[in-house]
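Below is one structure, written out as structure tokens; the observations come after it.
The values are calculated or read from the model by the stated rules, or taken from the named source; none is laboratory data. Remember, predicted model here, so these are calculated numbers, not experimental data. Here the Cβ is made from the backbone with ideal geometry for all residues, glycine too, and neighbour counts use every protein chain on show. Accessible surface areas use protein heavy atoms only, side chains included; no ligands, DNA or RNA. Shrake-Rupley method; radii C 1.70, N 1.55, O 1.52, S 1.80 Å.
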Amino acid sequence: MKIRFPLHAAFIIVVPAIVSSAESDAKQIMTRSQEATKMDGSESVATLTIFDNKGNKRIRRFSSASKKYPDGVTKMIMRFLEPADVKGTGILTFDNETGDDDMWIYMPALRKTRRIVSAEKTKSFMGSEFSNADITSPNIDDYTYKLLGSENVRDLKCWKIETFPVNGGIAQSSGYSKKIMWVAEKDNMARKTEYYDIDGELLKTLDIRKVKLLDEKNGKYQAIDLTITNVQNNRKSEMKMDTIIFNPTVSDEFFTTRYLEK
């Protein structure tokens, strides 16, 4: 005897499986995207150009070094080189795979290092449209993912993925209710991101115009030409890497608050 299911019953059975698969695929893409940027070590010098809503600009240069450790923590130190009013300012971050990231800032005028608390991570990074939260990678399990399909960004075929914080606390600490990212299929590197504020309105767009393959053996890349635009206040900031090298032997001494204060 044949058993026939009503059409609506078939959808009850099939649809959840499809949704689950799509969510899994999106999370895997985002995991690969993060892994593509996590290399054993690197050193760089970059220029940060900050534009106000009238087109006036300020230019800041900084050096940085980063290193990935066996426990999954990626440590990074940045030290500003110019202009004079920010020279010597240093920022140390521990980008943890689970739990909150750790961040410290050294202000040479005060000769003091202080920890940046979670409530400050939505604040501007050195007066730019990047936030403190933007300079570290979010924890994969802190978000849910939805694959929206594919679109081209500058002739590159990209997966289009929507991400949501798993709870309100994570949304508040990041400053975003959701993000939409375009991740290139050829190298798993993001080429564009839209950031939405807590009220669900578009806040910022990030355009990554150029990436560089630094560790060819392990397929590790770094974004080297980025522009972030705040669509609500008409300000934007550009970050360009003047020099960047792959260096897996970066000194552990760099990633301490003692070195930050040198």
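Please compute the net charge surrounding R191, taking Lys and Arg as +1 and Asp and Glu as -1 over other residues with Cβ under 9 Å from its Cβ.
Its environment carries a net charge of +2.
Please give the contour-minus-distance gain from D100 to S251: 0.36 nm per residue of separation, less the Cα-Cα distance, rounded to one decimal in nm.
51.9 nm
Please provide three numbers in whole Å: the alpha-carbon extents of the range 29-123 along the principal axes, with the largest listed first.
That works out to 39, 31, 27 Å along the principal axes.
Taking 8 Å as the Cα distance limit and 6 or more residues as the minimum spacing, I'd like the relative contact order of the range 112-231 as a percentage.
16
At q = 0.08, 0.12 Å⁻¹, what log₁₀ I(q)/I(0) does a Debye calculation on the Cα points of the chain give, no solvent, two decimals?
Each listed q maps to, in turn, -0.35, -0.76.
Taking a temperature of 4 °C and a viscosity of 1.567 mPa s, what whole-number D in µm²/s does Stokes-Einstein yield for the range 68-126 with Rh from Kirkwood over alpha carbon pairs?
On the way: Rh = 12.5 Å.
Answer from the Stokes-Einstein relation: 103 µm²/s.
Given contacts defined as C-alpha pairs under 8 Å and at least six residues apart, what's the relative contact order of the chain, whole-number percent? Could you put the intermediate results ahead of the total?
Values: 551 pairs, mean separation 54.1, N = 262.
21 percent.
Roughly how many nanometres apart are two label points built 7 Å out from the Cα toward the Cβ at V45 and S124?
The answer from the label model is 2.6 nm.
With every protein chain present, what accessible area does T229 have (1.4 Å probe, heavy atoms only), rounded to the nearest 10 Å²?
Using a 1.4 Å probe on the heavy atoms, I get roughly 40 Å².
Tell me, what is the percent relative contact order of the range 94-165, built from C-alpha pairs under 8 Å that lie six or more residues apart?
Reported as a whole number, the value is 20 percent.
Stretched out fully, how many nm does the piece from E151 to A109 gain, at 0.36 nm a residue minus the Cα gap?
Additional length available on full extension: 10.3 nm.
Go ahead and estimate [θ] at 222 nm for the chain from helices alone: -39,500 (n - 2.57) per DSSP H run with n ≥ 4, summed, over the residue count, rounded to 500.
Values: 3 runs with 40 residues, N = 262.
Computed ellipticity for the chain at 222 nm equals -5000 deg cm²/dmol.
Please give the charge dipole size of the chain, origin at the Cα centre, charges +1 on K and R Cβ atoms and -1 on D and E Cβ atoms. Round to the nearest 20 debye.
Roughly 460 debye, rounded to the nearest 20.
Tell me, what is the per residue accessible area of the chain in Å², probe radius 1.4 Å?
Accessible surface, normalised per residue, equals 54 Å².
Give the carbon-plus-sulfur fraction of the accessible surface of the chain in %, rounded to a whole number; probe 1.4 Å, heavy atoms of protein chains only.
52
Can you give me the solvent accessible area of M241 with a 1.4 Å probe, rounded to the nearest 10 Å²?
Roughly 40 Å² of M241 is accessible to a 1.4 Å probe.
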